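Report on the structure given below.
Values quoted throughout were computed directly from the atomic coordinates according to the rules given, and no laboratory measurement underlies them. Being a predicted model, the structure only gives us computed values, none of them experimental. Glycine gets a Cβ as well: all are built from the backbone with ideal geometry, and neighbour counts include every protein chain shown.
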Amino acid sequence: MYLVDVRLESTARLSPSDVRILLSEAARPDDGVEHIYVQPAPSPTGPLPRGAAPSLDVVLFLSHLTLTESERAADAVLRRCTVRGLRFRRLSTMPLTLLVDLLALEG
């Protein structure tokens, strides 16, 4: 399983729940999307200007065996959402096992 980090950069004012639903609806069975996590992205410059839509960070959990397959599937899901006028940017991809190992080092 791979985790693909994505940022929604759009002028649309969507809640994390709205984005999770949009991505779920865009995912097809062969995309291997097992879970979608969405949270507000941290603002590097402090408070947002009035009327600005906050960026949202998304993690797609994909059940593919390789990095390449996971990235292709994530890009396909995101492409289906851009048809609706949303802008997503893929940030990184990591095997779930590496994340578990890293978290174990913290504890």
By average Cβ neighbour count within 10 Å, what is the ranking of 7-16, 57-66 from highest down? 57-66, 7-16
Which stretch or stretches of the range 14-37 have amide N atoms under 14 Å from the point lying 7 Å from ARG79's Cα along the Cα→Cβ direction? 27-28, 31
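So for each of 70-76, 30-36 I average, over its residues, the number of other beta carbons within 10 Å; can you give me the resulting order with the highest mean first? Could you put the intermediate results ahead of the total?
Values: 70-76: 18.9, 30-36: 16.4.
Ranked by mean Cβ neighbours within 10 Å, highest first: 70-76, 30-36.
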Evaluate the distance, in nm, between pseudo-label points positioned 7 Å from the Cα of GLU34 and of GLU71 along their respective Cα→Cβ axes. 2.1 nm
